[in-house]
Amino acid sequence: MAEEGPPPPQPARAQAGTRDGATALAGQVALVTGASTGIGRHLVEGLAGRGMAVAGLARGGDRLTATMAEVAEATGARTLGVAADVTDRDAVASAVEQVVAELGQVDLLVNNAGLIDAAEEPLWEVDPDEWWEVVSSHIRGGFLLCRTVVPWMVLRNSGRIVDLASGMSVRARPEYSAYSVAKTGLMRMTEALTGALEGTGVRAFDVAPGVVDTPMTRSMPMWRGFEDWTPPEKVVELIAAIAAGELDAWSGRFLRAGADDLQHLCAVTPTGAARQLRLQPYGDDDPLA
């Protein structure tokens, strides 16, 4: 594919209705990475059920194709599955080109794909290649998707990006060093992107989903025996509100599904560095305060 990215913006095709009726999101197009399982799978179905046409990206083509077909059958929405490794520059460019050609320009990008540390180990004991692969899956993956999709949002002066954050974005776990580094880096990328988008109609957000019962979460020893799961519906609700433009005041900031109340968020306008990563001063005489 040519370096300049997907074809110029064109009017989106008419979208099929959903079994839940028309919503504020009807006619919009969502692109969700890591779509075939876990939180990504919940997001695909939840957004499709609200009237969006939804494209899903994942590495495994067969499972992704089955997932998107199931969602289309359950919701009546238009769906598309594209097998792609989000860390592969050419694969991402080709995938986005296919999404635009078949569904229309992307209104909502959700960077959800990413790996977790293979084992609970301190940094000096992990395999260097495996460690870097985890970081790359989140950071390079999110970067490549934004680099490909965001320019066309800016041209249309409309669009929203959601980067899936974590509690480890703001508080590292020593036994999950790669995941902690990746999620913190993704948060910084969201803030940098938000600054660059100032003056446009495009917004970017960090959304931590809480502890959702997924195969990945179940594989992590730290959650063994845990039962206080965040309902996936809360994650969908928050991201759907972002897609509908209800939370634009929170662009560049951290939101937490299951803890943040949507009505309260809509009523608050954050200021300063609220919900952003910053150094904590050691006292009033800290020269960096």
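The values are calculated or read from the model by the stated rules, or taken from the named source; none is laboratory data. It should be emphasised that the depicted structure is a prediction, and the values quoted were computed from it without experimental measurement. Using ideal geometry, Cβ is built from the backbone for each residue, glycine included, and neighbour counts are taken over all protein chains shown.
Just a yes or no: is a residue in the range 91-112 closer than 16 Å to S169 by Cα and out of contact with any Cys (no Cβ under 8 Å at 6 or more places or on another chain)? Checked the range 91-112: at least one residue is closer than 16 Å to S169 by Cα and out of contact with any Cys (no Cβ under 8 Å at 6 or more places or on another chain).
If you go through the range 191-241 and keep only what is touching a Lys or Arg at 6+ places or on another chain (Cβ under 6 Å) and either farther than 22 Å from M168 by Cα or modelled with pLDDT under 95 (or both), you end up with R203, A240. Restricted to the range 53-105, and to residues there that are part of a loop (DSSP other than H, G, I, E, B), in contact with a helix residue (DSSP H, G or I) (Cβ under 8 Å, 6 or more places away or on another chain) and not acidic (D, E), the residue that is farthest from A35 (Cα to Cα) is Q105. If you check T67, T79 for being among the β-branched types (V, I, T), surrounded by fewer than 23 Cβ atoms within 10 Å (Cβ to Cβ) and at pLDDT 95 or above, only one passes: T67.
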